[in-house]
1. Output the residues belonging to the range 14-51 that are buried (at least 19 other Cβ atoms within 10 Å of the Cβ), assigned to a helix (DSSP H, G or I) and in contact with a helix residue (DSSP H, G or I) (Cβ under 9 Å, 6 or more places away or on another chain).
2. Can you confirm whether residue 151 is in contact with a strand residue (DSSP E or B) (Cβ under 6 Å, 6 or more places away or on another chain), under 16 Å from residue 69 (Cα atoms) and assigned to a strand (DSSP E or B)?
3. Taking the range 111-144 on its own, how many of its residues are free of Cβ contacts under 8 Å to residues at least 40 places away in the same chain and either within 14 Å of residue 66 (Cα to Cα) or buried (at least 16 other Cβ atoms within 10 Å of the Cβ) (or both)?
4. In the range 63-75, what residues are assigned to a loop (DSSP other than H, G, I, E, B) and touching a helix residue (DSSP H, G or I) at 6+ places or on another chain (Cβ under 8 Å)?
5. Does residue 23 fit the bill of being over 16 Å from residue 121 (Cβ atoms), touching a residue at least 24 places away in the same chain (Cβ under 8 Å) and under 11 Å from the mean Cα position of the chain (by Cα)?
6. Filter the range 54-81 for residues that are loosely packed, with under 12 Cβ neighbours inside 10 Å and farther than 14 Å from residue 121 by Cα; which is nearest to the chain's Cα centre (by Cα)?
7. Looking at the structure I just gave you, is residue 100 loosely packed, with under 10 Cβ neighbours inside 10 Å and over 30 Å from residue 19 (Cα atoms)?
């Protein structure tokens, strides 16, 4: 009697691993209006990695292309707007620089969303490649209409 699940009867179950050419990528639009930043970032990171797909393979880039609109209206809970500070270093002695979240939201709100998502992706070549599939826009318009993206709530 043949079993469809891949069970051979010898006590071992074969695990199927997807190939790069079998991956189907979609375009997805998420609206960040009044959505908490952390919840938005986890949803976007899941879509970028492809963990929502049944054939998820951790070592392949099988995530979707994600478009985030209305990044300027993202919701920040607690006192993050006043107290959170982003750090970076120029590479020179004494080159540590601080940027308050309030200043970054005023000038580049898309960067706040990108940094939050980047922190939730793997710190590898694959994670950097997956981050290139993210597009963030401060307003409600995006130029990706020809890709016919699906709108997720």
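The values are calculated or read from the model by the stated rules, or taken from the named source; none is laboratory data. Keep in mind it's a predicted model, so treat the numbers as computed, not measured. When we count neighbours, we look across all protein chains shown, and the Cβ atoms used for this are built from the backbone with ideal geometry, even at glycine.
1. Within the range 14-51, 37, 40, 41, 44, 45, 48, 49 qualify.
2. Working: in contact with a strand residue (DSSP E or B) (Cβ under 6 Å, 6 or more places away or on another chain): yes; under 16 Å from residue 69 (Cα atoms): yes; assigned to a strand (DSSP E or B): yes.
In short, yes.
3. Matching residues across the range 111-144 total 6.
4. Of all residues in the range 63-75, those assigned to a loop (DSSP other than H, G, I, E, B) come to 63-64, 70, 74.
If the condition is that a residue be assigned to a loop (DSSP other than H, G, I, E, B) and touching a helix residue (DSSP H, G or I) at 6+ places or on another chain (Cβ under 8 Å), then 63, 64, 74 are the ones that fit.
5. Values: over 16 Å from residue 121 (Cβ atoms): yes; touching a residue at least 24 places away in the same chain (Cβ under 8 Å): yes; under 11 Å from the mean Cα position of the chain (by Cα): no.
Taking the combined requirement at face value, the residue does not satisfy it.
6. Taking the range 54-81 as the starting set, the residues that turn out to be loosely packed, with under 12 Cβ neighbours inside 10 Å are 54, 58-59, 77-79.
Add one more test, that the residue is farther than 14 Å from residue 121 by Cα, and what stays is 54, 77-79.
Details: 54: 18, 77: 20, 78: 23, 79: 24 Å.
Among them, the one singled out is 54.
7. Working: loosely packed, with under 10 Cβ neighbours inside 10 Å: no; over 30 Å from residue 19 (Cα atoms): yes.
Here the answer is no, as residue 100 does not meet what is asked.
The rows are residues; the columns are (1) part of a helix (DSSP H, G or I); (2) over 20 Å from residue 50 (Cβ atoms); (3) at pLDDT below 95.
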site	(1), (2), (3)
104	yes, yes, no
113	yes, no, no
117	yes, no, no
122	no, no, no
128	yes, no, no
135	no, no, no
143	no, yes, no
